[in-house]
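The values are calculated or read from the model by the stated rules, or taken from the named source; none is laboratory data. Quick caveat: nothing in here was measured; it's all calculated off a predicted structure. Please note: Cβ atoms are built from the backbone with ideal geometry, for glycine as well, and neighbour counts cover all protein chains shown.
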Amino acid sequence: MEFFWQGVGPGLISGGLMVLLGRLWRFGERDVGWASSLAVGVGAGAGYVLIRDWPGWWPRESTAVVPFAAVLAGVVGMVCARWLRGWIWGLVGAMGVGFGAFWLVTRNLRAYSWGTGEAVCWLAGLTFGVGMLWLCMRGQVGRWGGRTFAVAYGLFSAVMGGVLVLSGSAALGQLSGGLAAGVGGVFVATCWRRGVSWADGVVTVLAVVVGVLLACGYLFAEMDWYVGLMVLGGPLLGFVSEVAWVRGLGGWKLFFVRVGLVLCPVVGGLVLAFIGYSLD
């Protein structure tokens, strides 16, 4: 029963919060990206508490940064989607939250292992990576629609959880599963409202949390660099679906192609991680 709540709890929390916000604000046919951002962020953050424990008011270990980053990314995504219209604000917000999260994640490495130059390169590179993830996901959600995007990246997060588990960190894998459940909860809560556009706000939470989980997997677990690159290839490969002859497929064919393109690299990463795990 405990395992059940750890797996389903984040989805119930995010979906329930989405329904509550819908009741309070009566969304109608308007854009509700701001509400979905907050709901997924809170759901992913609550997943840490369900899976691990309350981390305290200040994260003392690297994985404890994840719930704070998720909730803050949800709030920033909400503000950008609700009041600060324009893609540049969302990009700056995601990179700002990402930088803060990476600053906390790497504090021991900066204090005892890295020199100043190495720390600057790592922080700049990781923050840039979050920005690239945000741009890829933001471009796709605008073209694909919320349902296709949610299915693709909900499954992406779930498979990434398997990669993290096989890379030596069950905790990070569970947290990635919690992110998948959070996206799924909002999807279920809104799938019957065809006129509602909700997925834009989720991009900030996804970009930040995926970036932090992969960074922790490489720096503190046993994830190989090429496995991490395979996982990051999913959002990039998704743009192949924008080629004219692929878009011409239309309907369910295009849906499955888009989901498959996002999943192929991360499934490849899962296979490589399994091979590495088997050889150890």
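Take the conditions under 19 Å from Gly129 (Cβ atoms) and out of contact with any helix residue (DSSP H, G or I) (no Cβ under 8 Å at 6 or more places or on another chain) and apply them to Val76. Does it pass? Criteria not met by Val76. The set of residues in the stretch 238-256 being surrounded by fewer than 18 Cβ atoms within 10 Å (Cβ to Cβ) and assigned to a helix (DSSP H, G or I) consists of Phe239, Val240, Glu242, Ala244, Trp245, Val246, Arg247, Gly251, Trp252, Lys253, Leu254, Phe256.
Within the stretch 50-109, the set of residues being assigned to a helix (DSSP H, G or I) and either among the polar types (S, T, N, Q) or more than 22 Å from Leu38 (Cβ to Cβ) (or both) comprises Ser62, Thr63, Phe102, Trp103, Val105, Arg107, Asn108, Leu109. List every residue pair whose Cβ atoms lie under 7 Å apart, where the two residues are 6 or more positions apart in sequence or sit on different chains, the first residue falls within the stretch 150-178 and is more than 14 Å from Gly211 (Cα to Cα), and the second residue, located anywhere, is acidic (Asp, Glu). These pairs meet every condition: Ser167/Glu222; Gly168/Glu222. So for the stretch 129-144 (the condition being in contact (Cβ under 8 Å) with a residue 12 or more places away in the chain and farther than 25 Å from Phe239 by Cβ), does at least one residue qualify? No: the stretch 129-144 contains no residue that is in contact (Cβ under 8 Å) with a residue 12 or more places away in the chain and farther than 25 Å from Phe239 by Cβ. Any chance the stretch 73-90 includes a residue that's surrounded by fewer than 20 Cβ atoms within 10 Å (Cβ to Cβ), among the small types (Gly, Ala, Ser) and within 29 Å of Ala221 (Cα to Cα)? No, the stretch 73-90 contains no residue that is surrounded by fewer than 20 Cβ atoms within 10 Å (Cβ to Cβ), among the small types (Gly, Ala, Ser) and within 29 Å of Ala221 (Cα to Cα).
Just wondering, is there one or more residues in the stretch 94-113 that are surrounded by fewer than 16 Cβ atoms within 10 Å (Cβ to Cβ), farther than 25 Å from Gly238 by Cα and of a type in the set (Gly, Ala, Ser)? Among the residues of the stretch 94-113, at least one is surrounded by fewer than 16 Cβ atoms within 10 Å (Cβ to Cβ), farther than 25 Å from Gly238 by Cα and of a type in the set (Gly, Ala, Ser), which makes the answer yes. Listed by first and then second residue, the pairs with beta-carbon distance under 9 Å, at least 6 apart or on different chains, first residue in the stretch 96-113 and more than 14 Å from Phe220 (Cβ to Cβ), second polar (S, T, N, Q) and at pLDDT 95 or above, are Gly96/Thr127; Gly98/Thr127; Phe99/Thr127. One residue alone among Val205, Val151, Val209, Val183 is within 19 Å of Met223 (Cα to Cα), of a type in the set (Val, Ile, Thr) and either at pLDDT 85 or above or part of a loop (DSSP other than H, G, I, E, B) (or both), and that residue is Val209.
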